[in-house]
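Participant: My structure is below; once you've seen it, I'll send some questions.
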Amino acid sequence: MYPKITNYIKEAEKGFEAIPEERKLTLAKISKYIAGRIKANQKVELIYICTHNSRRSHFGQIWAKTAASYYGFEDVTTYSGGTEATSFNPNAITAVLSAGFKIEKDNSSVNPMYTVHFQETGDTILCFSKKYNDAANPQNGFCAIMTCTEADGACPFVLGTVERVSTPYDDPKAFDNTHEQDAKYSERCLQIATETLYAFSLVKNLI
């Protein structure tokens, strides 16, 4: 894992105690899903869902795969989707780069594919905007993690899910084109990293 990301994770871990207890109970549902699938020798698949699949859901997808690798759970695949497809937001990409990831843009369409690297060799993360039920995402046996209240309300039922968890986050989009833009995107990236890492940190004690 890239040293900058490792350092970022160690700083994020210091924030575990500040997570509200009620929120920890919600995040523990993700931990139990992961542990249950591992104990049953089944694939662990997490889909992070937000309205436009452009910001918060990508943060979730990226940090979940990174957390899985960091804590030693290699057979975990992470995805993202929305109630509609747009594109991976450039401001969100900037926040991910600032955290230490390396990103390759695979094409120049209006909705490009991005390969996100968190280590020199091994698994990478493919990010592009899509609907949550896109063929690129798993169709059954997954855990759906709703990262915004709008998507949570717009998806009263997500077909194929084994577990559904609502962890809404404030949208950094509200600060686009303001002097707080980069800070707010970085703040949201760190919050999602911290809570995702916390969920994975619980898994070993559940196996």
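Read the figures in this text as sums done on the coordinates, not as results from a lab. Computed from a predicted structure; not experimentally measured. Note: ideal-geometry Cβ built from the backbone for every residue, glycine included; neighbour counts use all protein chains shown.
Participant: Looking at Ser69, Ser80, Ser31, which one is in contact with a His (Cβ under 6 Å, 6 or more places away or on another chain), of a type in the set (Ser, Thr, Tyr) and either touching a residue at least 12 places away in the same chain (Cβ under 8 Å) or not in a strand (DSSP E or B) (or both)?
Facilitator: None of the others qualify; the one that does is Ser80.
Participant: Shifting gears a bit: Out of curiosity, is Glu104 touching a strand residue (DSSP E or B) at 6+ places or on another chain (Cβ under 8 Å), of a type outside the set (Gly, Ala, Ser), outside any helix (DSSP H, G or I) and without any contact (Cβ under 8 Å) to a residue 24 or more places away in the chain?
Facilitator: So Glu104 fits the description; yes.
Participant: Something else now. Is one or more of the residues making up segment 39-47 in contact (Cβ under 8 Å) with a residue 12 or more places away in the chain and assigned to a helix (DSSP H, G or I)?
Facilitator: Within segment 39-47 (the criterion being in contact (Cβ under 8 Å) with a residue 12 or more places away in the chain and assigned to a helix (DSSP H, G or I)), the answer is yes, since at least one residue qualifies.
Participant: Would you be able to say whether some residue in segment 145-157 is assigned to a strand (DSSP E or B) and under 20 Å from Trp63 (Cα atoms)?
Facilitator: Checking segment 145-157: at least one residue is assigned to a strand (DSSP E or B) and under 20 Å from Trp63 (Cα atoms).
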